Amino acid sequence: MTVAVLLLATTLVIVVALLAAAGAGKLARLDGATYPTALTRAATAFAAVITLATAVTAALGAFLT
C-alpha cells in the first residue's frame, strides 16, 4: 500500500511541475520572449516545483519519524 501511495504522490508532483512549466513557458512567449528564453523560464519553473516538493517532504519527514 505504501509503494502505491508513493508512486501516486510522485506522479502528482511531476504532473503539477509539468503544468507549471508549460504555463511559465506560455506566459513567457506571450510576453514576447524568444523560444530559448521561454524554455529557460519553463525549466526554472519545473525545477522550482520539484525543489519545493522535496523541501516540503523533508520538513514533513522530520515530523512524522
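With a simple spin-label model that places each label point 7 Å from the Cα along the Cα-to-Cβ direction, the separation between Thr65 and Ala9 comes to 1.2 nm. Projecting label points 7 angstrom from Cα along Cα→Cβ for Val56 and Thr2 puts them 2.2 nm apart.
Solvent-accessible area of Ile14, all protein chains in place: 80 Å² (probe radius 1.4 Å, heavy atoms, ligands and nucleic acids excluded). Could you give me the percent of Cα pairs per 5 Å distance bin for the chain, shortest bin first, beginning at zero and ending with the bin that holds the maximum distance? Result, from short to long distances: 3, 19, 18, 20, 14, 10, 8, 5, 3, 1 percent. Taking every DSSP helix (H) stretch of at least 4 residues in the chain, weighting each as -39,500 (n - 2.57) and dividing the sum by the residue count yields a mean residue ellipticity at 222 nm of -32500 deg cm²/dmol.
Counting only protein heavy atoms and a probe of 1.4 Å, the accessible surface of the chain is 80% carbon and sulfur.
The values are calculated or read from the model by the stated rules, or taken from the named source; none is laboratory data. Remember, predicted model here, so these are calculated numbers, not experimental data. Cβ: placed from backbone, ideal geometry, glycine included. Neighbour counts: every protein chain shown. Accessible surface is based on the protein model in full, side chains and every heavy atom, while ligands, DNA and RNA are left aside. Shrake-Rupley method; radii C 1.70, N 1.55, O 1.52, S 1.80 Å.
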